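Written below as structure tokens is the structure these notes are about.
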Amino acid sequence: MTGSLPGIRRRLASLLYESLLVLGVLSIGFMIPEMGLAAAGILPSSGVTAVHLLVVVGAYFIWYWMHGGQTLAMQTWKLQLMSVRGTPPLAWQVVVRYLLAWPCFCFFGAGVVWALFDRDRQFLHDRLAGTRIVFKR
């Protein structure tokens, strides 16, 4: 393991800031296209809309994690995503982390609760994907 591990509070603060940034991403990549379709009389099914949402948010996170290991909020809070070996995460780890984050947060914050008991205080999706959040060196 390289890099010291930030506490849960710092990661949650970063996550809160991240949620504000994601609203901006969604306004451009999700709401504008959806409103355009609605104006044209095209109403996609809820399944198509859900996939659209997952793709837009995923594109944001996966792109940033693959290009430096930091989203905009992580840069502000001096955090970085790394593999457990201390190297930049592999593409499959980033995708798995993103996909697992949804159930870890949506099921009553199970991934956050996990971090309270994890020996390194890592979220469940990080543990399963072989990644961790560290202080930026």
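The values are calculated or read from the model by the stated rules, or taken from the named source; none is laboratory data. Just so it is clear, the model here is predicted, and its values are computed rather than measured. Glycine gets a Cβ as well: all are built from the backbone with ideal geometry, and neighbour counts include every protein chain shown.
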Restricting attention to segment 1-36, which residues are surrounded by 15 or more Cβ atoms within 10 Å (Cβ to Cβ) and free of Cβ contacts under 8 Å to residues at least 40 places away in the same chain?
V22, V25, L26, G29, F30, E34
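Filter segment 48-74 down to residues that are of a type outside the set (V, I, T) and without any contact (Cβ under 8 Å) to a residue 24 or more places away in the chain, then give me how many there are.
To start, the set of residues in segment 48-74 that are of a type outside the set (V, I, T) comprises 50, 52-54, 58-61, 63-70, 72-74.
Now narrow it down to the ones that are without any contact (Cβ under 8 Å) to a residue 24 or more places away in the chain: 50, 52, 63-64, 67-69.
Number of matching residues: 7.
Just checking, how many residues over segment 32-76 are among the hydroxyl-bearing types (S, T, Y) and either more than 30 Å from P88 (Cβ to Cβ) or touching an Asp or Glu at 6+ places or on another chain (Cβ under 7 Å) (or both)? Walk me through it before giving the result.
Taking segment 32-76 first, the residues among the hydroxyl-bearing types (S, T, Y) are 45-46, 49, 60, 64, 71, 76.
Those left that are additionally either more than 30 Å from P88 (Cβ to Cβ) or touching an Asp or Glu at 6+ places or on another chain (Cβ under 7 Å) (or both): 45-46, 49, 71.
The total comes to 4.
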Scan (1) surrounded by fewer than 16 Cβ atoms within 10 Å (Cβ to Cβ); (2) at pLDDT 95 or above; (3) touching a helix residue (DSSP H, G or I) at 6+ places or on another chain (Cβ under 7 Å) for the single condition V56 breaks and write down its number.
(1)
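From the set of residues in segment 111-128 that are within 15 Å of the chain's Cα centre (by Cα) and free of Cβ contacts under 8 Å to residues at least 40 places away in the same chain, which is farthest from K78 (Cα to Cα)? Spell out how you get there, then give the answer.
Our first condition is that a residue be within 15 Å of the chain's Cα centre (by Cα); within segment 111-128, this holds for 111-112, 122-128.
Within this subset, residues satisfying the condition of being free of Cβ contacts under 8 Å to residues at least 40 places away in the same chain are 111, 124-128.
Details: G111: 21, L124: 21, H125: 20, D126: 18, R127: 20, L128: 23 Å.
For segment 111-128, the residue satisfying everything is L128.
Of the residues W114, W92, which is touching a helix residue (DSSP H, G or I) at 6+ places or on another chain (Cβ under 8 Å) and either at pLDDT 90 or above or part of a loop (DSSP other than H, G, I, E, B) (or both)? I'd like the intermediate steps shown before the answer.
Working: W92 fails: touching a helix residue (DSSP H, G or I) at 6+ places or on another chain (Cβ under 8 Å).
Step by step, each of W114, W92 is checked, and only W114 is touching a helix residue (DSSP H, G or I) at 6+ places or on another chain (Cβ under 8 Å) and either at pLDDT 90 or above or part of a loop (DSSP other than H, G, I, E, B) (or both).
Table: residues versus (1) buried (at least 17 other Cβ atoms within 10 Å of the Cβ); (2) closer than 19 Å to S19 by Cβ.
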site: H67; (1), (2): no, no
site: A73; (1), (2): yes, yes
site: A91; (1), (2): no, no
site: Y98; (1), (2): yes, yes
site: W102; (1), (2): no, yes
site: C106; (1), (2): no, yes
site: R119; (1), (2): no, no
site: F123; (1), (2): yes, yes
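Please work out which residue is nearest to the chain's Cα centre (by Cα), limiting yourself to segment 11-54 and to residues that are farther than 30 Å from W114 by Cβ, part of a helix (DSSP H, G or I) and aliphatic (A, V, I, L, M). Lay out the reasoning, then the answer.
Within segment 11-54, the subset farther than 30 Å from W114 by Cβ is 27-28, 31-45, 48.
Pick out the ones that are also part of a helix (DSSP H, G or I) and you get 27-28, 31-39, 48.
Keeping just the survivors that are aliphatic (A, V, I, L, M) gives 28, 31-32, 35, 37-39, 48.
Numbers: I28: 18, M31: 19, I32: 22, M35: 25, L37: 27, A38: 28, A39: 31, V48: 21 Å.
For segment 11-54, the residue satisfying everything is I28.
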